Amino acid sequence: MHQDPNTAATPVALADPTAEQAVRRALADHGRLTVDAMDVAPIADLYALGLTSHATVNVMLAIENDLDAEFPDSVLNRATFASVESMVAAATLATAQ
């Protein structure tokens with residue numbers, strides 16, 4: 001059976017493991033993905049895996065709550081929520097402010 005490389009987790013370490021954990025927990029709880037959020041590759045297209053624009057709001061709020069931070073307005077766009085990697089980058093930026 002062939003597995004899509006965009007859905008399988010890879011051993012790539014992201015910049016901030018705390019932010020990555022918060023992102024994956026938020027996706028697991030609120031993302032409504034068709035796959036396990038813990039197994040998603042950092043660069044996988046989350047919209048292709050079931051994330052909706054409505055769910056992104058809940059995911060963002062959960063990340064902000066978990067990290068006690070606020071996403072800056074400059075990152076509030078579809079591209080930010082397209083992958084675990086891009087959300088981790090935005091969450092890291094939010095915690096630095």
Worksheet entry | Protection-proxy order for peptides 52-65, 82-95, each taking the mean of Cβ atoms within 10 Å per residue, highest first | 82-95, 52-65
Fill in: In Hz, Karplus ³J(HN,Hα) per residue of the stretch 67-82 (6.51, -1.76, 1.60; θ = phi - 60°; x = Gly, Pro)
9, 6, 9, 10, 5, x, 4, 5, 10, 7, 8, 4, 4, 4, 9, 6
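Read-outs throughout are calculated quantities, based only on the coordinates presented, and are distinct from any laboratory measurement. Since this is a predicted model, take the numbers as computed values, not measurements. Here the Cβ is made from the backbone with ideal geometry for all residues, glycine too, and neighbour counts use every protein chain on show.
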